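Here's the structure we're looking at; comments come further down.
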Amino acid sequence: MADAARGMLDRVAALAPEQVAAERRAFDMLCGAYFSDPERALAPAGKGGGGPLRFGMPGAQEMLTPVFLAAASAVGTYLGDRAAGASRGLLRRMFASSSVETAVEEGARDSGAAAEADQTAGLTPEQWREVRRIVEHTLTERGGMPQHRARLLAAAVVGEGLTGEAQR
């Protein structure tokens, strides 16, 4: 799940470069906070949430990593319900970044995985649309993100081409 969330974070880097750079540095800590108490990690700071996430990072009310972890879990559940044998490896390949930086960080084994994600995962355009919908829903409902921003980030995470739809 953490690999899938990292891939999602990498895919939105062009849309939120400063936030993604900051979250990459804190990724392990953010994952630890999420895995120790997902509900608290996702709760707004004013509602008893935030826990270790309350350290004053700009945009902390809209942290991407914990929400992407929740989205990866929801996508895993969706795939598990529909595709026998869905695994963490499948989730990782689905959201792998094709960026040079990520390929260098994660090693040659993941190089080019994003370009092959649709073939490796074997999902139909309809299933990719559902994955995008799940990510968008998680960003709005669990992350409290405005609908227009969630739609933009979900499209970046999944990629419009995989859904069989023209760019919007």
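To keep it simple, each residue is scored yes or no on (1) modelled with pLDDT of 90 or more; (2) open to solvent by 70 Å² or more (accessible area, probe 1.4 Å); (3) in contact with a strand residue (DSSP E or B) (Cβ under 7 Å, 6 or more places away or on another chain).
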position: T77; (1), (2), (3): no, yes, no
position: R93; (1), (2), (3): no, yes, no
position: A115; (1), (2), (3): no, yes, no
position: L123; (1), (2), (3): no, no, no
position: T138; (1), (2), (3): yes, no, no
| remark: Within region 1-42, the residues that are in a helix (DSSP H, G or I), open to solvent by 70 Å² or more (accessible area, probe 1.4 Å) and of a type in the set (A, V, I, L, M) are M29
| task | Pull up region 140-168, narrow it to residues that are of a type in the set (S, T, N, Q) and open to solvent by 60 Å² or more (accessible area, probe 1.4 Å), then point me to the one that is modelled with the highest pLDDT. | result | Q147
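The values are calculated or read from the model by the stated rules, or taken from the named source; none is laboratory data. Because the structure is predicted, anything quoted here is derived from the model rather than measured. Positions of Cβ are backbone-derived with ideal geometry, glycine not excepted, and every protein chain shown enters the neighbour counts. Heads up: the accessible areas ignore ligands, DNA and RNA and are worked out on the full protein's heavy atoms, side chains in. Shrake-Rupley method; radii C 1.70, N 1.55, O 1.52, S 1.80 Å.
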